[in-house]
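The values are calculated or read from the model by the stated rules, or taken from the named source; none is laboratory data. Nothing here was measured: the structure is a model prediction, and the numbers come from that model. All Cβ positions, glycine included, derive from the backbone under ideal geometry; neighbour counts span all protein chains shown. Heads up: the accessible areas ignore ligands, DNA and RNA and are worked out on the full protein's heavy atoms, side chains in. Shrake-Rupley method; radii C 1.70, N 1.55, O 1.52, S 1.80 Å.
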Amino acid sequence: QVQLVESGGGLVQAGGSLRLSCAASGRTFNYAMGWFRQAAGKEREFVARINWSGESTRYADYVKGRFTISRDNAKNTVYLQMNSLKPEDTAVYYCAAGPPESFYSARWDYWGQGTQVTVSS
């Protein structure tokens, strides 16, 4: 079983930055990790994902160039550095984990509880 705990959310002004962390426990060796978000009244959407080695990453077009996903496997932690934040980035951000094929299949086995990010204009 894998547990994921997100942290780092908060309130920030437009143009500001935040770094989210997702600490994983349990059997996560070789797992791909991802970040998703869900705004109030909207469907959950993909933000970014990273493979085990960190050499491969993918981003949604609406965050490309502003957000960076990274991971530290020694700490079992994945990060999401968010720069140039916009009010439309306001959402609950979720961390997800899955076996290596999750990076390509977009099917994730484990989810965190989420952390709120609010960007004021």
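In table form, for the structure just shown:
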{"read-out": "Which numbered condition residue 60 misses (of (1) within 30 Å of residue 121 (Cβ to Cβ); (2) of a type outside the set (S, T, N, Q); (3) open to solvent by 30 Å² or more (accessible area, probe 1.4 Å))", "value": "(3)"}
{"read-out": "Condition broken by residue 29, with the remaining ones in (1) surrounded by 13 or more Cβ atoms within 10 Å (Cβ to Cβ); (2) closer than 13 Å to residue 98 by Cα; (3) not polar (S, T, N, Q) satisfied", "value": "(1)"}
{"read-out": "Test for residue 114: is it at positive phi, open to solvent by less than 20 Å² (accessible area, probe 1.4 Å) and in contact (Cβ under 8 Å) with a residue 24 or more places away in the chain", "value": "yes"}
{"read-out": "Residue match in the stretch 32-48 (condition: aromatic (Phe, Trp, Tyr) and touching a Pro at 6+ places or on another chain (Cβ under 9 Å))", "value": "no"}
{"read-out": "Filtered residue count, the stretch 11-66, keeping only those that are more than 14 Å from the chain's Cα centre (by Cα) and at positive phi", "value": "5"}
{"read-out": "Which numbered condition residue 44 misses (of (1) touching a helix residue (DSSP H, G or I) at 6+ places or on another chain (Cβ under 9 Å); (2) under 23 Å from residue 120 (Cβ atoms))", "value": "(1)"}
{"read-out": "Selected residue (only one of 56, 84, 70 is in contact (Cβ under 8 Å) with a residue 60 or more places away in the chain and small (Gly, Ala, Ser))", "value": "84"}
{"read-out": "Flag if residue 14 is in contact with a helix residue (DSSP H, G or I) (Cβ under 9 Å, 6 or more places away or on another chain) and surrounded by fewer than 16 Cβ atoms within 10 Å (Cβ to Cβ)", "value": "yes"}
